[in-house]
1. Got at least one residue in the stretch 43-56 being surrounded by fewer than 16 Cβ atoms within 10 Å (Cβ to Cβ), touching a strand residue (DSSP E or B) at 6+ places or on another chain (Cβ under 9 Å), at pLDDT 90 or above and over 15 Å from residue 111 (Cα atoms)?
2. Considering only residues that are surrounded by fewer than 18 Cβ atoms within 10 Å (Cβ to Cβ) and touching a helix residue (DSSP H, G or I) at 6+ places or on another chain (Cβ under 8 Å), which ones fall in the stretch 174-185?
3. Mind counting the residues in the stretch 61-78 that are in a loop (DSSP other than H, G, I, E, B) and within 11 Å of the chain's Cα centre (by Cα)?
4. Right, residue 146: crowded, with 20+ Cβ neighbours inside 10 Å and either in contact with a helix residue (DSSP H, G or I) (Cβ under 6 Å, 6 or more places away or on another chain) or over 26 Å from residue 101 (Cα atoms) (or both) or not?
5. Mind telling me which of the residues 190, 158 ends up being in contact with a strand residue (DSSP E or B) (Cβ under 8 Å, 6 or more places away or on another chain), crowded, with 16+ Cβ neighbours inside 10 Å and farther than 22 Å from residue 120 by Cα?
6. Among the residues of the stretch 176-187, write down those that are touching a strand residue (DSSP E or B) at 6+ places or on another chain (Cβ under 6 Å) and without any contact (Cβ under 8 Å) to a residue 60 or more places away in the chain.
7. When you look at residue 43, is it within 24 Å of residue 11 (Cα to Cα) and free of Cβ contacts under 8 Å to residues at least 12 places away in the same chain, yes or no?
8. Hey, can you tell me all the residues within the stretch 81-112 that are free of Cβ contacts under 8 Å to residues at least 40 places away in the same chain, under 20 Å from residue 26 (Cβ atoms) and either within 16 Å of ligand 1 (Cβ to nearest atom) or exposed (fewer than 10 other Cβ atoms within 10 Å of the Cβ) (or both)?
Ligand SMILES: Nc1nc2c(ncn2[C@@H]2O[C@H](COP(=O)(O)OP(=O)(O)OP(=O)(O)O)[C@@H](O)[C@H]2O)c(=O)[nH]1
Ligand SMILES: [Mg+2]
């Protein structure tokens, strides 16, 4: 079976919104809690383990991380909820992030990454994820949910988690670094969008 991956290459990282060039392209934002698996998803989609920095210690990501896909971009964001960054860094991000989401006309879609295992354990969506969902809704930005690390759950648990997302969201994707089929489904969706 041919592996359906998307052609991604690292483009640039920016600290500030104003540093981002006005590119003639469409962008997808990868957002979610720290450690939810966003950077791993970039690597899985491209079938390149070294493309995006992933870490067991969360919070290593710079603010705007641009990955080029043909003439468009995926922007990987640092996750929210990571405690070990400086107060000045948090302040900077609180200023820069809304500027991107509210002003960047290139931004067409978002993917919100949620760790299925931590959802299963707590039986609820994190408050910060709810805030992000409300924010994306307010912005009228279409988004899809990606439930990551599905390999950590047993089949019955996957069904349980899927059911509760089905009840609340029109569409969501399952993802695991051990299931190429799931990676391909997400890659195909992204290929259709940008
Ligand atoms: N078991 C399992 N672990 C995963 C999977 N995807 C990611 N991980 C692990 O989860 C941890 C965090 O992954 P990252 O991709 O760095 O998470 P992130 O959302 O980019 O985190 P921040 O950059 O801090 O926002 C790493 O240790 C990964 O190896 C998966 O599908 N299965
Ligand atoms: Mg990351």
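The values are calculated or read from the model by the stated rules, or taken from the named source; none is laboratory data. Keep in mind that what you see is a predicted model, and the values were worked out from it rather than measured. No Cβ is skipped: glycine too gets one built from the backbone with ideal geometry, and neighbour counts run over all protein chains shown.
1. yes
2. Of everything in the stretch 174-185, those that are surrounded by fewer than 18 Cβ atoms within 10 Å (Cβ to Cβ) and touching a helix residue (DSSP H, G or I) at 6+ places or on another chain (Cβ under 8 Å) turn out to be 178, 179.
3. As a first pass, look at the stretch 61-78 and keep what is in a loop (DSSP other than H, G, I, E, B): 61-63, 70-71, 77-78.
Next cut, within 11 Å of the chain's Cα centre (by Cα) only: 77-78.
Adding up the residues that qualify gives 2.
4. Details: crowded, with 20+ Cβ neighbours inside 10 Å: yes; either in contact with a helix residue (DSSP H, G or I) (Cβ under 6 Å, 6 or more places away or on another chain) or over 26 Å from residue 101 (Cα atoms) (or both): no.
Against the criterion (crowded, with 20+ Cβ neighbours inside 10 Å and either in contact with a helix residue (DSSP H, G or I) (Cβ under 6 Å, 6 or more places away or on another chain) or over 26 Å from residue 101 (Cα atoms) (or both)), residue 146 does not qualify.
5. Numbers: 158 fails: farther than 22 Å from residue 120 by Cα.
Unique residue meeting the criteria: 190.
6. In the first step, residues of the stretch 176-187 are kept if they are touching a strand residue (DSSP E or B) at 6+ places or on another chain (Cβ under 6 Å); the result is 182, 186.
Passing the criteria: only 182.
7. On the way: within 24 Å of residue 11 (Cα to Cα): yes; free of Cβ contacts under 8 Å to residues at least 12 places away in the same chain: yes.
Considered against the rule, which asks whether it is within 24 Å of residue 11 (Cα to Cα) and free of Cβ contacts under 8 Å to residues at least 12 places away in the same chain, residue 43 comes out as yes.
8. Passing the criteria: 97, 105.
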